[in-house]
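Q: Could you have a look at this structure, given as structure tokens, before my questions?
Laboratory data are not the source of any read-out in this text; all were calculated from the coordinates shown. In this text the structure is predicted, and so the values were computed from the model without any measurement. Methodologically, a virtual Cβ is constructed for each residue, glycine included, from the backbone with ideal geometry; neighbour enumeration extends over all protein chains shown.
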Amino acid sequence: MNNVTPMVGISAACRAIEAEIVCAANTDAKVLITGESGVGKEVVAKLIHHRSRRARSPLVTINCAGIPDTLLASELFGHVRGSFTDAYRDKEGWLEQANGGTIFMDEIGEMSTQMQSLLLRFLENGEIQRVGSERRTTSVDVRVITATNRRLLERVATGEFREDLFYRLNVIPVELPPLRERKEDIPLLVQHFLDKFRAADTSAGQSRPALTVAQDAIRHLMAYSWPGNVRQLENAIERAVAINAGRPQIDVADLPVEIQQAEPALPSTVSLPEGGLDLDAFIAHIERELIERSLERTGGNKGRAAKLLNLKRTTLVEKLKRLGKQSIM
Ligand SMILES: Nc1ncnc2c1ncn2[C@@H]1O[C@H](COP(=O)(O)OP(=O)(O)OP(=O)(O)O)[C@@H](O)[C@H]1O
Ligand SMILES: [Mg+2]
């Protein structure tokens with residue numbers, strides 16, 4: 001289990017998924033994992049396999065998207081020599097290779113209706129027949145885990161996915177929420193990826209001191225919406241480590257530009273003190289803070305700071321004068 005990625009995260013959603021993984025690992029029931037691209041569907045599939053009684057047997061992973069039907073059938077079920085032009089010898093399929101273990105079928109929503117029928121038949125009796133073989137069927141003992149980033153029920157509604165197959169696969173559903181709905185996982189994931197890339201560097205013979213992440217950079221990472229989910233976060237950290245050039249800390253400038261542009265949210269509520277407040281002074285105070293932050297972030301570049309605040313550069317300069325700040329930069 002050494003190189004199996006753990007489910008990193010502290011959100012309630014992550015904890016619930018951990019519990020579902022434990023539960024699924026204790027049975028042979030089929031699991032259907034859903035969630036957007038990059039949310040960790042493969043991580044979950046691997047954890048279920050490696051924590052199950054099948055851990056010492058193979059986990060065979062296949063991607064159902066983009067494989068033409070004929071090839072997918074022969075890869076899954078195997079083929080006999082001469083069954084098609086390139087079939088020079090008998091070949092065992094993925095389901096036989098996974099015997100005693102688990103098959104993880106990714107992007108199941110992309111399977112053609114013809115393949116769906118073949119799969120359904122296998123699920124009903126656990127028997128496979130190699131392509132081109134007239135009679136011989138073999139029984140295999142394979143646990144089936146599937147995943148999709150599509151809304152399968154919508155495909156069922158449009159007739160593109162067989163309803164009977166859907167219910168057969170969806171015995172234990174595991175739904176992974178997008179990263180933007182569990183942002184509290186971000187700091188831990190960032191640390192996990194920093195450790196991972198450092199360990200990779202160390203084993204490549206380049207040891208570097210541990211890196212930390214500047215608070216401001218964390219704020220941007222938390223503000224961003226992560227359409228590519230955890231995979232995108234991992235790539236951003238890998239890139240930041242690569243371009244950081246030996247400084248002890250990852251700064252906002254080390255992050256991809258779209259993340260630099262993500263605006264950290266202001267506190268969502270401002271409480272009114274018991275004795276009231278001086279509204280003009282309060283607003284002036286907030287204005288001063290935001291102007292200072294925008295200048296900090298842009299290294300004092302007034303043009304870019306003005307852009308961040310959606311102001312004309314001349315307006316920002318006037319405000320700076322008013323704040324007695326013309327000397328800052
Ligand atoms: N909770 C997590 N803890 C640690 N690493 C994670 C976690 N979730 C995802 N990752 C990492 O993020 C990357 C993407 O995860 P994974 O491949 O499992 O996503 P996926 O949902 O299968 O994506 P796709 O739909 O594109 O196939 C992987 O490198 C994985 O190790
Ligand atoms: Mg995947």
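Q: Could you run the Karplus curve 6.51 cos²θ - 1.76 cosθ + 1.60 with θ = phi - 60° over segment 228-244 and give me ³J(HN,Hα) per residue in whole Hz, x for Gly and Pro?
A: x, 6, 5, 4, 5, 5, 4, 5, 5, 6, 4, 5, 4, 5, 5, 8, 6
Q: So what is the 222 nm mean residue ellipticity for the chain from helices alone, if each DSSP H run of at least 4 adds -39500 (n - 2.57) and you divide by all residues, rounding to the nearest 500 deg cm²/dmol?
A: -13000 deg cm²/dmol
Q: Ok, one more. I want to check the label-to-label distance for ARG180 and ALA253. Put each point 7 Å from Cα in the C-beta direction and report it in nm to one decimal.
A: So the two model labels end up 2.9 nm from each other.
Q: Got a sec to turn the phi values of segment 27-42 into Karplus ³J(HN,Hα) couplings, 6.51 cos²θ - 1.76 cosθ + 1.60 with θ = phi - 60°, whole Hz, x for Gly and Pro?
A: 10, 10, 5, 6, 10, 10, 9, 10, x, 4, 4, x, 7, x, 5, 6
Q: Amide H to amide H, which residues 5 or more places from THR61 or on other chains are under 5 Å from it, using H placed in the peptide plane?
A: Correct list: PHE104.
Q: What are the residues whose amide H is under 5 Å from the amide H of ALA87, where those residues sit 5 or more places off or on another chain and H is modelled from the backbone?
A: So ALA87 has HN proximity to GLY82.
Q: Mind putting together the pair-distance distribution for segment 12-177? All Cα pairs, 5 Å bins, whole percent per bin, short to long.
A: 2, 9, 18, 21, 20, 15, 9, 5, 1, 1, 0
Q: Further question: Taking 28 Å as the cut-off for C-alpha to C-alpha distance, list the pairs among LYS41/LYS183; LYS46/LYS183; LYS196/LYS307 that go past it.
A: Check vs 28 Å cut-off fails for LYS196/LYS307.
Q: If you don't mind, another one. For the chain, count the residues as N, evaluate 2.2 N^0.38 Å, and divide the Cα radius of gyration by that value, please.
A: 1.35
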